[in-house]
Amino acid sequence: MPDKMRIAAEQALDLARKAGVQDVWVKVDRSRDVTHEYRDGKLEKVKDATSRSLSIDLYVDGRYASHSTTDLREQTLSGFITNAVVLTRALQADPWRKITPPELFRGRTDKDLQIMDPAIRDLDSARRLAWCEELDERVRGDKRLISASCGLYDGNSRTLSLSSNGFEGEQTGTSIWMGADLTYRDQGDRRASGSFYPGARQLADMPSAKDIARECLERVRQRLGVVKGPSLKGRMVVDARAAGRLISSLVKPATARAFQQQRSFWSGEIGEKLFSEKLSLVDDPLLLRGLGSRLYDGEGIAARPITLVDRGVVKNIYVDTYYGRKLKMAPTTAGSSNLLVKPGKQSLKNLLQAAEEGVYVTSWLGGNADNTTGEFSLGLRGHMIRKGRIAEPVGEMNVTGNLQELFTNLVSVGNDPWRYSNLRSPSMLFDGVSFSGA
Amino acid sequence: MKRRDFLVATAASGAMLGMPGLLHAVGTGLSSHVPDNPFLSWFNVDEAVMRRVMSELSAHGADTADLYFEHNQGNSIAMEDGIVSSARSWIDQGVGLRVVVGDQTGYAYTEDLSVEAMLKAARTAAAIAKGSKAVPPQHFNASRAGDMYRIAMPWSDVKIDDKLARVRKLESLARHQDAAVKKVTINWSDYDQKVVIATLDGRVVADYRPMTRLWCTVTAEKKGVQQSTSANLSGRYGMDHYTDDRLQALAKKAVDNTLVLFDARRPEAGEMPVLLAAGASGILLHEAIGHGMEADFNRKGTSIYSDMLNKKVANPHVTIVDQGTLAYERGALNYDDEGNPAQRNLLVENGVLRGYLHDSISARHYKVPPGGSGRRESYRHAPMPRMTCTLMENGPHSRDEMIASMKKGIVAETYTNGQVSIGAGDFTFYIKNGWLVENGKITAPIKDCNIIGNGPQVLRDITMVGNDSRMDTGGWTCGKNGQSVPVSLGMPSVLVSKMTVGGEHAG
């Protein structure tokens, strides 16, 4: 059978060259996404669709622009590319903008990253519905329950990339997410809610419906009777499932773009000790079965692990080819894949005991951080820690500070990295944290 | 997936031509840019095909069913370091097909507008129904084109050189505002969204929806310290919106908001009075009450407002509406994404909770007319109840008398984002710029603090409502259940007696 994606990619490449474009990068995507949602004992929504698109990066006389379309028909592609070339020519020449040099393609691994699971790709409707039914049955029964929504989301994708300077790549993958969202009646008009939606590349890596239901029930019950905690300065234990948000805010300015635009508090710190020696961060695109695993990045750079922080010392940042040229820095990769925080040896229980008194954060609500200064302020939900144990549930509180100072005050890292994300962080214990509450 | 919500050139395809008599009643054409026959002109689909696809979609029964055709064509431009360094263009077109039976929804979409592909998608969506065939319409009756956002020229007809000239002008204005300015980034975007909605009961709605947004981000440096922030303009405007005066005001706002950060500090941590400045503070309405009033949450009983209808929830000076019919606003709509006319929906009237925001499913559940609040991100998504332009009406107080009444507190002026937990009612918003108030006077700038509160409690704690209501001119995007839609918000100055402010020097 002819490969329609390859035909479309080759046709686009050919049309662009004929239109006088010097360098071209074409990417064709196809993905199928299937949704099953159950609510309060019955099927509420089924969605099933296959999507495709083509994007083309053009480098014309020193000018650059990117264009995309979902109309891949042969008769319309020509007009699309003609217009794309006209638009690109109208821009300014930019001496830093060039296609990825072929030497960065080299060294690409040929190992199987195990991110395509035929068991997910070939799932049938009956199996999906059976999981939803089981999950739905397991989370219902408590008389405080107002509503239970269960969902199963799965899909598979294929991406094909070709360039005018010899790049060829194909990546395929599957993913599945399943979970429930529960609402219980709480004091007064308040509702308590709890949810858990784990996801994986391989079916075998998913927890059972029984385990997902148990976790959901535990989470919603923990949110009953929440009170506003006090304003205080003290210790904070962040659960593994919430620690990713902090790490994500921390590394957002660790890019060549942020450096070059003078919007990064990491700027000028490569080779310097910026954080606690308890913090080590590696970006690993070759992690087997990882949700962010890949053979090459969006610019075609061959994937390899990159150490961002080693025992508190900044080793590397994300450097793409454009800002790398501007800063005269060697490219590493254009963006994150699987970001791994090196786990410690302590269990969450040990971290709580070590904290003695403070706040245990299980999730965040809103908030933001300034990439230029590192100043942040986040809403939190969790529990007070009293005598080293989890105490009353708290909410309506903020934690406020500076990210660089916060991660300098990182005291200990847990042994429990969160598996269901491309950002795998364990639980963390911080000292000297400012909380605002009642 | 999660219940929490937060506040981001070629002709269309089709396989069949013919039936030129279709939809003559749609619109006047003219400056609303809706052609006489939008199916044919925009999507190359005729009435016979529509009937065939609708018939397949309702083959196993349907309470309602609809086809949502969309063609979205746009451009974005970035200017950095004095060079227009990159641009992007896109064409995103497809059709979403939906069947609703009771509370159950079957949904499919396709980017391929051939008859075969649409029939296949219709069969997929129809599989949720288990009954007998519904009766498809014999004819489609077109609704009148709306006039909420008539612009002189569609964005796809505006020359790139004209856009580049405005981008360069703004960059120059920002760069020369102050010697401390070191970096300026300008981000431009515009798109033309063409939508045609056909329903099982034979209605057809066509809407042309323009959108544009212009961002100015500034980094300034003083004594080796850097600060940066941004400001933006957005709405369903045409090119003529970007006058020299507006560009000057945008550049000044971006630079002023950045320079003030050098002197700004964090307030003390804890509970204190908060004066929410007129305009962008509408984020309070969006998070503290708006999401909780979306009827899907109430139909499921998961909103903290589920049992409060017709009860007193706020000071009698508080009246809050969600109104899609505010011309040229980012959240404005002629029709919602189910083909129902947008309207003014009263949420709170003189302090009493009055009504929810409905899509067609919740309207049927509550046995009320659809409220024009069924929205979706694109043809890839099923619609659900959403806000459009949410605002609070004027009260009797002045901003000055509010400040004079505060012993110690803050004024919240600009924001970056917010979020709400629907069940508990807890919400947050992040203040980028604000002011400290001591003994009835503004004494110092503040920055970077999160505010957290409980929706119903904060409504009760509103003590004064200003007489200076206005809509925010910046662009807001609301996210809910994985779908983003453009919204607008606004309100007068409002004094809340107590909210929890993220600050320093706690304990």
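Every read-out reported here was derived from the displayed coordinates using simple, explicitly stated rules and does not represent laboratory data. Remember, it's a predicted structure, so these values are computed and weren't measured experimentally. All Cβ positions, even for glycine, are placed from backbone atoms using ideal geometry, and neighbour counts span all protein chains on display.
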- Item | Whole-Å semi-axes of region B:68-144's equivalent ellipsoid (Cα gyration tensor) | 39, 15, 12
- For chain A, with a Gaussian network of springs between Cα atoms less than 10 Å apart, report the residue from A:Leu423, A:Leu160, A:Leu286 with the top mean-square fluctuation. A:Leu160
- Number of Lys-Lys pairs in region B:11-261 under 14 Å by Cα, sequence gap 8 or more or different chains? 4
- Message: Which one, B:Ser306, B:Gly282, B:Gln343, is farthest towards the positive end of the dipole of region B:278-418 when Lys and Arg carry +1 and Asp and Glu -1 on their Cβ?
- Response: B:Ser306
- Choose one of A:Val341, B:His358, A:Ser51: the residue whose Cα lies farthest towards the positive end of the charge dipole of the protein assembly as shown (beta-carbon charges +1 Lys, Arg; -1 Asp, Glu; about the Cα centre). A:Val341
- Which FRET efficiency value, to the nearest 0.05, do you get for A:Thr109 and A:Ala130 by plugging their Cβ-Cβ distance into 1/(1 + (r/R0)^6) with R0 = 41 Å? 0.65
- 17 Å Cα cut-off, lysine pairs counted over region B:270-501 (separation 8 or more, or different chains): 8
- Message: Under 30 Å between alpha carbons, and skipping anything fewer than 8 positions from A:Lys342 in its own chain: which lysines qualify?
- Response: A:Lys111, A:Lys210, A:Lys233, A:Lys252, A:Lys273, A:Lys278, A:Lys315, A:Lys328, A:Lys387, B:Lys2
- Message: Using the basic label-point model (7 angstrom from Cα toward the beta carbon), what is the A:Ser31 to B:Asn439 distance in nanometres?
- Response: 5.9 nm
- Message: Just to verify a number: FRET efficiency for B:Asp400 and B:Ala327, C-beta to C-beta distance, R0 = 45 Å, to 0.05?
- Response: 0.90
- Can you work out the base-10 log of I(q)/I(0) for chain B at q = 0.07, 0.08 1/Å, using the Debye formula on its C-alpha atoms alone? -0.41, -0.54
- Message: Running a GNM on chain A with Cα contacts under 10 Å, which residue among A:Arg63, A:Arg127, A:Arg424 ends up with the highest mean-square fluctuation?
- Response: A:Arg127
- Message: Averaged across A:371-382, how many Cβ atoms of other chains sit within 10 Å of each residue's Cβ atom?
- Response: 6
- Item | region B:327-396 shape via C-alpha gyration tensor axes, a/c threshold 1.5 | oblate
- Taking the Cα centre of the protein assembly as shown as the origin, how large is its charge dipole in debye, to the nearest 20, when only Lys and Arg (+1) and Asp and Glu (-1) carry charge on their Cβ atoms? 1460 debye
- Counting Lys and Arg as +1 and Asp and Glu as -1, each charge on the Cβ, what is the dipole of chain A about the Cα centre in debye, to the nearest 20? 600 debye
- What is the Cα radius of gyration of chain A over 2.2 N^0.38 Å, N being its residue count? 1.10
- Rg ratio (alpha-carbon, reference 2.2 N^0.38 Å) - region B:172-298: 1.47
- Percentage of Cα-Cα pair distances in region A:19-106 greater than 14 Å, rounded to whole percent? 72 percent
- Item | Computed over the protein assembly as shown, Cα set: Rg, Dmax in Å | 27.2, 79
- Item | Spherically averaged projected area in nm², based on the convex hull that wraps the Cα atoms of region A:52-160 | 13.6 nm²
- Query: Using a basic spin-label model with each label point 7 Å from the Cα along Cα→Cβ, how many nm lie between B:Lys222 and A:Asp142?
  - Reply: 5.2 nm
- Given charges at Cβ of Lys, Arg, Asp, Glu: chain B dipole, positive-most of B:Val100, B:Leu164, B:Asn141: B:Val100
- Query: Ranked highest first by average number of other Cβ atoms within 10 Å, how do A:21-27, A:310-316, B:320-326 line up?
  - Reply: B:320-326, A:21-27, A:310-316
- Compute the normalised compactness of region B:11-261: alpha-carbon radius of gyration over 2.2 N^0.38 Å, N being the residue count. 1.29
- What are the principal axis extents of the Cα atoms in region B:97-188, in Å, biggest first? 73, 30, 27
- Over its alpha-carbon atoms, region B:230-339 yields an Rg and a Dmax in Å of 19.0, 50
- Fully extended, how many nm does the chain gain between A:Thr307 and A:Asp122 (0.36 nm per residue separation, minus their Cα-Cα distance)? 62.9 nm
- Over 23 Å [Cα-Cα, region A:4-222], rounded percent: 61 percent
